[in-house]
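A.B. asks: Dropping a structure here in structure tokens format, bear with me for questions.
The values are calculated or read from the model by the stated rules, or taken from the named source; none is laboratory data. The structure displayed is predicted, hence computed values, not measured ones. Cβ atoms come from the backbone with ideal geometry, glycine included; neighbour counts cover every protein chain shown.
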2 protein chains.
Amino acid sequence: MNLLYAQAGGTTAVINASAAAAIAAAREYGLGEGGRIGKVLAARYGILGVLAESFVDCGEIDLEALAATPGGLFGSCRFNMPREDEAPALYARLFDVLAAHDIGGLLYNGGNGSLAVVAELSAAARQRGYPLVSVGIPKTIDNDIEGCDCCPGFGSAAKYLATSMREVSRDLASMSTRKGRIFVMETMGRNVGWLAAATALAGRDPDDAPHIILFPEVPFDEVALLAKAERVLTRLGYCAITVAEGIRRADGSPVRARTYGNDMHLRFGGAGEEIALLVSGVLGCHRHYAAPDYLQRSAAHWVSAIDHVQAQAVARAAVSYALEGRDGMVATIRRLSDTPYRWDIVPVAAVAVADLERRVPREFITDDGMQMSEAGRRYLAPLVVGERAVNCADGLPVHGSQALPMVARKLEQYTGFAADLVYARPQPPSAESRLDADASAGL
Amino acid sequence: MNLLYAQAGGTTAVINASAAAAIAAAREYGLGEGGRIGKVLAARYGILGVLAESFVDCGEIDLEALAATPGGLFGSCRFNMPREDEAPALYARLFDVLAAHDIGGLLYNGGNGSLAVVAELSAAARQRGYPLVSVGIPKTIDNDIEGCDCCPGFGSAAKYLATSMREVSRDLASMSTRKGRIFVMETMGRNVGWLAAATALAGRDPDDAPHIILFPEVPFDEVALLAKAERVLTRLGYCAITVAEGIRRADGSPVRARTYGNDMHLRFGGAGEEIALLVSGVLGCHRHYAAPDYLQRSAAHWVSAIDHVQAQAVARAAVSYALEGRDGMVATIRRLSDTPYRWDIVPVAAVAVADLERRVPREFITDDGMQMSEAGRRYLAPLVVGERAVNCADGLPVHGSQALPMVARKLEQYTGFAADLVYARPQPPSAESRLDADASAGL
């Protein structure tokens, strides 16, 4: 059988480390004649690449370079996959493609929504008697996959944000004034505050930044925020605040989110600026506001070594699950102890955790709702530990910018549901595949 | 004589490396009896610390920890120093304090405005026959000091921004779509585009990010921007744009800057969001927008090694100038060749370069005004080279959080011009000096 790997959802600084580890593990099982696996393929742009029959042959991919590169080298997608009863032709196409390429194992590397795809494909394969083992490899900087103690990608984003907050606090301290200076950093996290929470690691003492963290899990309390900010400003002359982009008022409305033009999809982003304007306006202090945005999920120059190791470990376990026939499972991380930090990988049924959303538990947040508790710090601390050497040339990180050898197509072009999305990639789809523009034509 | 070091203006990731090198050089000349220097003192919060007579005795400061810490450990200030004829009592106080502490050399570490202070103090000392040698140590992430080939602090900010842009480009490439995705990163730089320019190093090819750079030096051309963004989106499915916060329209008005409330001071920030909204609105693509803000000037975990070396070299040279009596000079970096990169330190008169502003020359920018030229790249390339090991504990950088031994006061409290500013620091002024809250009372 051939093994198919695919990436889905927002990428992380270590998702390519998972890709590299999956391919390495498959190579160790033996590829080609005499091995347990025929080929390792990677779909371009996740499940859309399956529909498009757009596969990379990973036999010769340089794994060391791949493991150090942010983003998703094979391409990722955001695609709300319909259920089979809603789009039977789409599923028929998927299995036609899988059959045409002798694919017996699917490794889907994504977050909550992607695990639903694993569960759906697992059920659909069983129903039609197709011999497919679908396995999930968890990944999300949001850290919100239920049943997974921590999600690969989170530790690196956490390390980046906590480091940034600590560094900025030195800048703030050097220019504190009686008028006061607030600094707000907005983190990603629409519904969950894990990334905002992670900045708590920047300090150890109540005087250390961040002095205030605003979580989506805690209804926004303007009066309490202003009172605490004023106390900190009076004491220190500056105050550092972390704001999750998805903070909400008690009635559930976002503190800042907008729709634009004809697009009624609610866009987050700007909550940090809103808080900076509010606090500086009321308290009459200076303000600065940072929004690291994509920087926080692609900072491969500063990954957490433990996160990088775990990203590889879940991928290796997933390959084992695929070969052991553990269909519909996700390779999750289980914590065995905080200190020393011990963990292992255990399978969890994708159907049991798909589409759920793990929020920061209340006991991880202090009573005032604006800081991490000791229990929360104990949870976070091990996830950012360790640094990795960065391969640089001319002072900048070298990424795995390699050609992607495409597999020849065997079927007609797909014309069904979502075909517009499936073929929605311009030419060339990325700088890496420029050499293969012909092979990937159509994607 | 005693030597006084002070920090002024916005801090950088390497200004403390200058501080550490100045103190180290002074120690090498010999401190105390038998040495050429009595004590090395550091003023808290720049020139305000001189007025307040708030001095740290640097004899026992841990220099290794100091050199790795972002922000300005001794405190910095923004203070538009009046000329002596405007505020004679202020100058009388400054020289009373200098005399009371036997200060014969002043090392002022700052940007354009700070070099004006060097020139003023030099003139004022000569006029009253006070034996002071004032020397400037350049520092600014803005890279806009005239007469200095590059400014310590810039190379590290440049490396951070270029690295971030390169990393994000991998994320963008993995999710390109036909609808298109734009990413805008806003850099600091009110009047000069050096920081925006630096992101050009992220790519080598026209397909590489950033595809567009908007400089304050080039009048903003909306039509040209939209046309280029559309071409890039059509080709790649994504487009990365760097926007300097201070970009202006042809009539000189900022693309985005606001005044708030009673404060009529123009605040920049938001130009990147403005561009993101404009392009996505007109071209109908997805958009994301990052504003690294203070992160770009305090990212000590990712400094340019050559910048760190130069920050130390200018400080060491400044100590020599002070001992050689080269009053009113700035220790500037002179470029001898691009490849291999060769440079040395030369003295330039502060009065000749103070308050000027070096902009990105037109020949460093391509004809279309939206990218760096080959000449510009040749200038930038050597400034980001080299990495430094980062001392971490528990996965985060360790900073020099040390007690600051304060020198006993000898004079009455200052009550003159700007006394409110001088004593505008709350208690404790920073976490580092918590142990010395009594000694630094009043500051």
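A.B. asks: Find the residue count for region A:350-376, including only residues that are of a type in the set (A, V, I, L, M, F, W, C) and free of Cβ contacts under 8 Å to residues at least 24 places away in the same chain.
C.D. replies: Qualifying residue count for the region: 1.
A.B. asks: Separate question: Can you tell me how many residues within region B:200-230 are away from chain A (no Cβ under 11 Å) and outside any loop (DSSP other than H, G, I, E, B)?
C.D. replies: Adding up the residues that qualify gives 13.
A.B. asks: Restricting attention to region B:108-127, and to residues there that are closer than 20 Å to B:GLY9 by Cβ and in contact with a Leu (Cβ under 7 Å, 6 or more places away or on another chain), which single residue is surrounded by the fewest Cβ atoms within 10 Å (Cβ to Cβ)?
C.D. replies: B:ASN112
A.B. asks: Between A:LEU98, A:LEU94, A:LEU90, A:LEU106, which is in a strand (DSSP E or B) and away from chain B (no Cβ under 14 Å)?
C.D. replies: When all the criteria are applied, what remains is A:LEU106.
A.B. asks: List every residue pair whose Cβ atoms lie under 6 Å apart, where the two residues are 6 or more positions apart in sequence or sit on different chains, the first residue falls within region A:80-93 and is surrounded by 14 or more Cβ atoms within 10 Å (Cβ to Cβ), and the second residue, located anywhere, is of a type in the set (Val, Ile, Thr).
C.D. replies: A:MET81/A:VAL117
A.B. asks: How many of the residues in region B:33-67 are crowded, with 24+ Cβ neighbours inside 10 Å, within 14 Å of chain A (Cβ to nearest Cβ) and not aromatic (Phe, Trp, Tyr)?
C.D. replies: Residues that pass the stated criteria total 10.
A.B. asks: So B:GLU53 clears everything in (1) farther than 28 Å from B:ALA157 by Cβ; (2) touching a residue at least 24 places away in the same chain (Cβ under 8 Å); (3) in contact with a Phe, Trp or Tyr (Cβ under 7 Å, 6 or more places away or on another chain) except one condition, right? Which one?
C.D. replies: Result: B:GLU53 fails condition (3) only.
A.B. asks: So is B:LEU443 more than 27 Å from B:ALA198 (Cβ to Cβ), at pLDDT below 75 and either in contact with a Phe, Trp or Tyr (Cβ under 9 Å, 6 or more places away or on another chain) or buried (at least 21 other Cβ atoms within 10 Å of the Cβ) (or both) or not?
C.D. replies: So B:LEU443 passes the test.
A.B. asks: Any idea which of (1) buried (at least 20 other Cβ atoms within 10 Å of the Cβ); (2) not in a loop (DSSP other than H, G, I, E, B) is the one A:GLY246 doesn't satisfy?
C.D. replies: Here A:GLY246 clears every test but (2).
A.B. asks: Considering region B:176-217 alone, what residues qualify as being buried (at least 23 other Cβ atoms within 10 Å of the Cβ), within 16 Å of B:CYS151 (Cβ to Cβ) and at pLDDT 95 or above?
C.D. replies: Once the filter is applied, which keeps residues that are buried (at least 23 other Cβ atoms within 10 Å of the Cβ), within 16 Å of B:CYS151 (Cβ to Cβ) and at pLDDT 95 or above, region B:176-217 yields B:THR187, B:MET188, B:GLY193, B:TRP194, B:LEU195, B:ALA196, B:ALA197, B:ALA198.
A.B. asks: Another question about this same structure. Considering only region A:128-175, state which residues are surrounded by 24 or more Cβ atoms within 10 Å (Cβ to Cβ) and of a type in the set (Gly, Ala, Ser).
C.D. replies: The answer is A:SER134, A:GLY136, A:GLY153, A:GLY155, A:SER156, A:ALA157, A:ALA158, A:ALA162, A:SER164, A:SER169, A:ALA173, A:SER174.
A.B. asks: Here is a further query. Take the residues of region A:127-143 that are under 14 Å from the mean Cα position of the chain (by Cα) and either over 22 Å from A:TRP302 (Cα atoms) or in a helix (DSSP H, G or I) (or both): which is farthest from the other protein chains (Cβ to nearest Cβ)?
C.D. replies: That would be A:GLY136.
A.B. asks: Here's another thing I want to ask about it. Taking the residues in region A:394-440 that are facing another protein chain (nearest Cβ under 8 Å), over 24 Å from the mean Cα position of the chain (by Cα) and modelled with pLDDT of 90 or more as candidates, determine which candidate is surrounded by the most Cβ atoms within 10 Å (Cβ to Cβ).
C.D. replies: Per the stated criteria, the residue is A:GLY395.
A.B. asks: Scan region B:387-400 and tell me whether some residue there is over 25 Å from B:THR69 (Cα atoms) and touching a Leu at 6+ places or on another chain (Cβ under 7 Å).
C.D. replies: Among the residues of region B:387-400, not one is over 25 Å from B:THR69 (Cα atoms) and touching a Leu at 6+ places or on another chain (Cβ under 7 Å), which makes the answer no.
A.B. asks: Let me ask something additional. Cβ contacts < 6 Å: first residue farther than 29 Å from B:VAL309 by Cβ, restricted to region B:118-139; second residue surrounded by fewer than 22 Cβ atoms within 10 Å (Cβ to Cβ) and not acidic (Asp, Glu), any location; separation 6+ or different chain. Result?
C.D. replies: Listed by first residue and then by second, the contacts come to B:TYR130/B:PHE95; B:PRO131/B:GLY104.
A.B. asks: Restricting attention to helices (runs of 4 or more DSSP H) lying wholly within region A:276-390, give those where 1 or more residues are within 14 Å of chain B (Cβ to nearest Cβ) and closer than 30 Å to B:GLU245 by Cβ.
C.D. replies: Here the list reads A:295-298.
A.B. asks: Something else: Restricted to region B:62-78, and to residues that are in a loop (DSSP other than H, G, I, E, B) and in contact with a helix residue (DSSP H, G or I) (Cβ under 6 Å, 6 or more places away or on another chain), which residue is nearest to B:ALA389 (Cα to Cα)?
C.D. replies: Initially, region B:62-78 is screened for residues in a loop (DSSP other than H, G, I, E, B), giving B:62, B:68-78.
Checking the rest, the ones that are also in contact with a helix residue (DSSP H, G or I) (Cβ under 6 Å, 6 or more places away or on another chain) come to B:69-73, B:75-77.
Numbers: B:THR69: 13, B:PRO70: 14, B:GLY71: 18, B:GLY72: 20, B:LEU73: 20, B:GLY75: 25, B:SER76: 26, B:CYS77: 30 Å.
Filtering first and then ranking leaves B:THR69.
A.B. asks: A further question follows. Between a first residue in region B:219-245 that is in the same structural domain as B:ALA291 (by TED's automatic domain parsing) and in contact (Cβ under 8 Å) with a residue 60 or more places away in the chain and a second residue that is surrounded by 16 or more Cβ atoms within 10 Å (Cβ to Cβ) and of a type in the set (Asp, Glu), which pairs have beta carbons less than 9 Å apart while being 6 or more apart in sequence or on different chains?
C.D. replies: That search, which allows pairs on different chains as well, returns B:LEU236/B:ASP207; B:ALA240/B:ASP208; B:THR242/B:GLU186.
A.B. asks: Another question, if that's okay. Going by the conditions given, is B:VAL351 farther than 24 Å from B:ASP205 by Cβ, at pLDDT 95 or above and not assigned by TED's automatic domain parsing to the domain that holds B:ARG190?
C.D. replies: Criteria met by B:VAL351.
A.B. asks: Which residue out of B:ARG178, B:ARG190 is touching a residue at least 40 places away in the same chain (Cβ under 8 Å), within 9 Å of chain A (Cβ to nearest Cβ) and part of a loop (DSSP other than H, G, I, E, B)?
C.D. replies: Just a single option satisfies the conditions, and that option is B:ARG178.
A.B. asks: Determine, yes or no, whether A:PHE55 is in contact with a helix residue (DSSP H, G or I) (Cβ under 8 Å, 6 or more places away or on another chain), within 25 Å of A:ALA119 (Cα to Cα) and at pLDDT 95 or above.
C.D. replies: Answer is yes for this residue.
A.B. asks: For region A:92-104, indicate whether the set of residues that are farther than 30 Å from B:HIS286 by Cβ and at pLDDT below 95 is non-empty.
C.D. replies: No, because not a single residue in region A:92-104 is farther than 30 Å from B:HIS286 by Cβ and at pLDDT below 95.
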